[in-house]
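Asker: Submitted below is the structure of interest, expressed as structure tokens.
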Amino acid sequence: MSLTVKSGYALRALFELAVLTNDEGRDKVSISELSARQKIPKDFLEKIFIELRDAGIVKSIRGKFGGYYLNKDPKELRLSEIIRVLDKPLQSFDCVIGECEIEIECAIEFVWKRVDNAMMLELRKMTLQDVIDNGKKLAALKEAQKGGTKKKINV
């Protein structure tokens, strides 16, 4: 019923991929590099990225010098889209996917549908760009604290 580490890893890796390709001008990034930079198990990340590729969220270039790149602009990539592909939240409840055998008699169907709708509504409001922007603010704050600067940063 809940979100899993799979989605968390995906968001971290997609954040890293976006920063490396957009900010550093790279064409593609390998799974090995994403795995190392975000401390995510490589084999698991490979499986996640296959699912993301199959869903059209990322594209891959094969070969020794291959890698992945975003297939969508981070401003257009809603977190709900990523989560639905990987975790399918609440999809274990038949009433949420419309296959409930007891429909009329099910007293709790509304609970799962409301929870699913609320969660996905919030995730639809957020994009990968929001994650990127937040990550940059946090990095700037950390850098300011490290340098002993008293500069105010809006987070």
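Asker: From the set of residues in segment 52-83 that are within 24 Å of MET126 (Cβ to Cβ) and hydroxyl-bearing (Ser, Thr, Tyr), which is surrounded by the most Cβ atoms within 10 Å (Cβ to Cβ)?
Answerer: TYR68
Asker: Out of the residues in segment 21-51 that are modelled with pLDDT under 95 and either under 16 Å from ASP130 (Cα atoms) or of a type in the set (A, V, I, L, M, F, W, C) (or both), which is surrounded by the most Cβ atoms within 10 Å (Cβ to Cβ)?
Answerer: In this case the residue turns out to be ASN22.
Asker: Suppose we filter GLY63, GLY135, GLY148 for residues that are assigned to a helix (DSSP H, G or I) and at pLDDT below 95; which single one remains?
Answerer: Only one candidate passes the filter, namely GLY135.
Asker: Between ALA139, ALA107, ALA118, which is aliphatic (A, V, I, L, M), over 25 Å from LEU52 (Cα atoms) and loosely packed, with under 11 Cβ neighbours inside 10 Å?
Answerer: Being aliphatic (A, V, I, L, M), over 25 Å from LEU52 (Cα atoms) and loosely packed, with under 11 Cβ neighbours inside 10 Å holds for just one of ALA139, ALA107, ALA118, which is ALA107.
The values are calculated or read from the model by the stated rules, or taken from the named source; none is laboratory data. All figures in this text were calculated on a predicted structure; none of them were measured in a lab. Glycine also receives a Cβ, built like all others from the backbone with ideal geometry; neighbour counts cover every protein chain displayed.
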